Amino acid sequence: MSTFLISYDLWWPENSSDYKKVSDYIKSLWAWAKPLESFYFVISSKTTAEIRDEFIKITDKNDKVVVMDVDWDDWATFNISEGVAGWMQDNI
């Protein structure tokens, strides 16, 4: 299992069902935290390419996504909720 950063931009025409599809997909990967809008950390046994390819299947051609393996020991936050910061401390 690895920890990944997933960030995305959904471009016009987007609606709430598009965001729900993306959110549901990301949350299905396993454990997750959402420190910012359109920005998640997830734990998954999948690869970055597998996550990207599955993301492409549920979004439009003009949408954008970045998937990064973030098994880092060094990070810092500001004004992030205690719950998310605790999740990050436990999982990154």
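The values are calculated or read from the model by the stated rules, or taken from the named source; none is laboratory data. Because the structure is predicted, anything quoted here is derived from the model rather than measured. Because the Cβ atoms are built from the backbone with ideal geometry, glycine has one as well, and the counts that use them run over all protein chains shown.
Looking across region 35-52, the residues that are charged (D, E, K, R) and at pLDDT 90 or above come down to K46, E50, R52. Of the residues screened, A33 is one that is of a type in the set (G, A, S) and outside any loop (DSSP other than H, G, I, E, B). One residue stands out in region 51-74 among those that are surrounded by 12 or more Cβ atoms within 10 Å (Cβ to Cβ), of a type outside the set (S, T, Y) and more than 13 Å from the chain's Cα centre (by Cα): the one that is farthest from Y19 (Cα to Cα), namely D53. Is it the case that some residue within region 75-90 is in contact (Cβ under 8 Å) with a residue 24 or more places away in the chain, surrounded by fewer than 16 Cβ atoms within 10 Å (Cβ to Cβ) and assigned to a strand (DSSP E or B)? Among the residues of region 75-90, not one is in contact (Cβ under 8 Å) with a residue 24 or more places away in the chain, surrounded by fewer than 16 Cβ atoms within 10 Å (Cβ to Cβ) and assigned to a strand (DSSP E or B), which makes the answer no.
Going through region 47-74 one residue at a time, which ones are assigned to a helix (DSSP H, G or I) and farther than 14 Å from L5 by Cα?
Selection gives D53, E54, I56, K57, I58.
Do we have L10 as surrounded by 13 or more Cβ atoms within 10 Å (Cβ to Cβ), closer than 28 Å to N79 by Cβ and in contact with a strand residue (DSSP E or B) (Cβ under 7 Å, 6 or more places away or on another chain) here?
It is false that L10 is surrounded by 13 or more Cβ atoms within 10 Å (Cβ to Cβ), closer than 28 Å to N79 by Cβ and in contact with a strand residue (DSSP E or B) (Cβ under 7 Å, 6 or more places away or on another chain).
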